[in-house]
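Visitor: One structure, as structure tokens, below. Some questions next.
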Amino acid sequence: MFGKKKEIPVYFFTGFLESGKTSFIKETLKEGQFQDGLKTLLIVCEEGIEEFTEEELKENLFTMKVIDEEEDFTYGALMSFDDEIKPDRVVIEYNGTWDPDNAMELMPEHWVLAEGIATVDASSYDSYLNNMKQMMTRQFTYADLVAFNRCSDDLDLPYYKRTVRAINRRSQVIFEMKDGTINNDVKEELPYDINADIITIEDDDYGIWYLDTFDNLDSYAGKAVRFKGMVRKPRNGKNDFFVPGRMVMTCCAADIQFVGLPCSYKDVKKLTDKQYVMVTARVGKVYNRQYGQDTPVLYAESVEPCEPAAEEVVYF
């Protein structure tokens, strides 16, 4: 009777060619984070200018395998590496043009994603967003950390951060400037007055406000906000809360989705699903187990029927 295979942690790196994946891993090796006597299987799916040396691999007990074509990244290939190397962990340097969903589906059952990291060349990010937005942003799906490198002050770093958080609110975003320093003080320039008695959110600014409430919840907690939203009533029939929100495009037309915040309101039964309302509410916070942190919730002071937004879809 064969026993169940032990779980093996997987560290998943993705990003386009020359985005800094190999450099990030090599810096991690220099810091000694893998010098713990454990065997590591390193799967490289594209080779750029930066390469691993034999000395680096040997010192860290790394065994490197190369997969050049997406069709060769298969369950069978990964299992053959597993049987041959019998690794204690796996590091995958994935090709940024390949679909990361496929990688997750093809991994052996006992391989468990421990951390996802996406690297981005900030100097070419605008170009990728304009020409290959879906391919670019899907790299953030499994990323616990998104590292923008080659940053400069003339780039719209708050917008870059917003595009990441729109895809994956779990992601931490860091910016490495061209001189090697890390900028952790990237703030969104808000299009509304956060210190007003009632923070008024214009229709086109809903996406910015929605994300900023998650990123800077303490700045909103206890304050009143007013915005226009579409009503979504809970399927479980509860009459003490609803979700006002908007249809938002995160990447392309196929990714349009409804996003909103739960709102406590005593007269939910008077509302109709999908009607537009003007909501005035206080922002509170509740602990969310899924995200492991406080998340925003609304407490309605008034909910009034109103005309639909001029543009049904807003953008992050």
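Visitor: With the checklist (1) crowded, with 16+ Cβ neighbours inside 10 Å; (2) farther than 23 Å from ALA300 by Cβ in hand, flag the one item ARG169 doesn't pass.
Guide: With (1) crowded, with 16+ Cβ neighbours inside 10 Å; (2) farther than 23 Å from ALA300 by Cβ applied to ARG169, the lone miss is (1).
Visitor: So in segment 238-261, with the set limited to residues that are among the charged types (D, E, K, R) and either in contact with a Leu (Cβ under 7 Å, 6 or more places away or on another chain) or over 24 Å from ASN168 (Cβ atoms) (or both), which one is modelled with the highest pLDDT? Don't jump to the end; show me each part of the working.
Guide: Going through segment 238-261, the residues among the charged types (D, E, K, R) turn out to be 238, 240, 246, 255.
This time we only want the ones that are either in contact with a Leu (Cβ under 7 Å, 6 or more places away or on another chain) or over 24 Å from ASN168 (Cβ atoms) (or both), so: 238, 240.
Details: LYS238: 70, ASP240: 89.
The extreme case among them is ASP240.
Visitor: Do you know which of the residues in segment 262-283 that are without any contact (Cβ under 8 Å) to a residue 60 or more places away in the chain and touching a Leu at 6+ places or on another chain (Cβ under 9 Å) is surrounded by the fewest Cβ atoms within 10 Å (Cβ to Cβ)? Break it down into steps so the answer makes sense when it comes.
Guide: First, pick out the residues of segment 262-283 that are without any contact (Cβ under 8 Å) to a residue 60 or more places away in the chain: 262-279, 281.
Subset that is touching a Leu at 6+ places or on another chain (Cβ under 9 Å): 262-265, 277, 279, 281.
Details: PRO262: 19, CYS263: 22, SER264: 15, TYR265: 24, VAL277: 21, VAL279: 25, ALA281: 23.
Ranking the qualifying residues of segment 262-283, first place goes to SER264.
Visitor: Just to be sure before I move on: is GLU59 surrounded by 11 or more Cβ atoms within 10 Å (Cβ to Cβ) and closer than 27 Å to PHE175 by Cβ in the structure I sent?
Guide: It is false that GLU59 is surrounded by 11 or more Cβ atoms within 10 Å (Cβ to Cβ) and closer than 27 Å to PHE175 by Cβ.
Visitor: Run ARG289 past the list (1) surrounded by fewer than 19 Cβ atoms within 10 Å (Cβ to Cβ); (2) under 30 Å from TYR159 (Cβ atoms); (3) within 24 Å of the chain's Cα centre (by Cα) and report the number of the one that doesn't hold.
Guide: Single failed check for ARG289: (2).
Visitor: Could I ask something else about it? Please determine, by comparing only the residues of segment 74-116 that are over 20 Å from MET136 (Cα atoms) and among the aromatic types (Phe, Trp, Tyr), which one is farthest from the chain's Cα centre (by Cα).
Guide: If we take residues in segment 74-116 being over 20 Å from MET136 (Cα atoms) and among the aromatic types (Phe, Trp, Tyr), then PHE81 is farthest from the chain's Cα centre (by Cα).
Visitor: So, of the residues in segment 189-231 that are in contact with a helix residue (DSSP H, G or I) (Cβ under 7 Å, 6 or more places away or on another chain) and assigned to a loop (DSSP other than H, G, I, E, B), which turns out to be surrounded by the most Cβ atoms within 10 Å (Cβ to Cβ)?
Guide: So, considering only residues that are in contact with a helix residue (DSSP H, G or I) (Cβ under 7 Å, 6 or more places away or on another chain) and assigned to a loop (DSSP other than H, G, I, E, B), the one surrounded by the most Cβ atoms within 10 Å (Cβ to Cβ) is ILE201.
Visitor: Quick check, is PRO234 outside the structural domain of ARG162 (by TED's automatic domain parsing) and in a loop (DSSP other than H, G, I, E, B)?
Guide: On the way: outside the structural domain of ARG162 (by TED's automatic domain parsing): yes; in a loop (DSSP other than H, G, I, E, B): yes.
Against the criterion (outside the structural domain of ARG162 (by TED's automatic domain parsing) and in a loop (DSSP other than H, G, I, E, B)), PRO234 qualifies.
Visitor: Then there is this: One residue is enough: does segment 119-133 have a residue meeting the conditions of a type outside the set (Val, Ile, Thr), under 24 Å from GLU47 (Cβ atoms), without any contact (Cβ under 8 Å) to a residue 60 or more places away in the chain and crowded, with 16+ Cβ neighbours inside 10 Å?
Guide: yes
Visitor: Exactly one of these conditions fails for TYR192: (1) over 19 Å from the mean Cα position of the chain (by Cα); (2) farther than 17 Å from VAL314 by Cα; (3) among the hydroxyl-bearing types (Ser, Thr, Tyr); (4) not assigned by TED's automatic domain parsing to the domain that holds GLU311. Give me its number.
Guide: (2)
Visitor: Inspect all residues belonging to segment 296-316 and state whether any of them is at pLDDT below 95 and within 17 Å of the chain's Cα centre (by Cα).
Guide: There is at least one residue in segment 296-316 that is at pLDDT below 95 and within 17 Å of the chain's Cα centre (by Cα).
The values are calculated or read from the model by the stated rules, or taken from the named source; none is laboratory data. Owing to the predicted nature of the structure, the values given are computational and were not obtained by experimental measurement. Note that each Cβ is placed from the backbone with ideal geometry, even for glycine, and that neighbours are counted across all protein chains shown.
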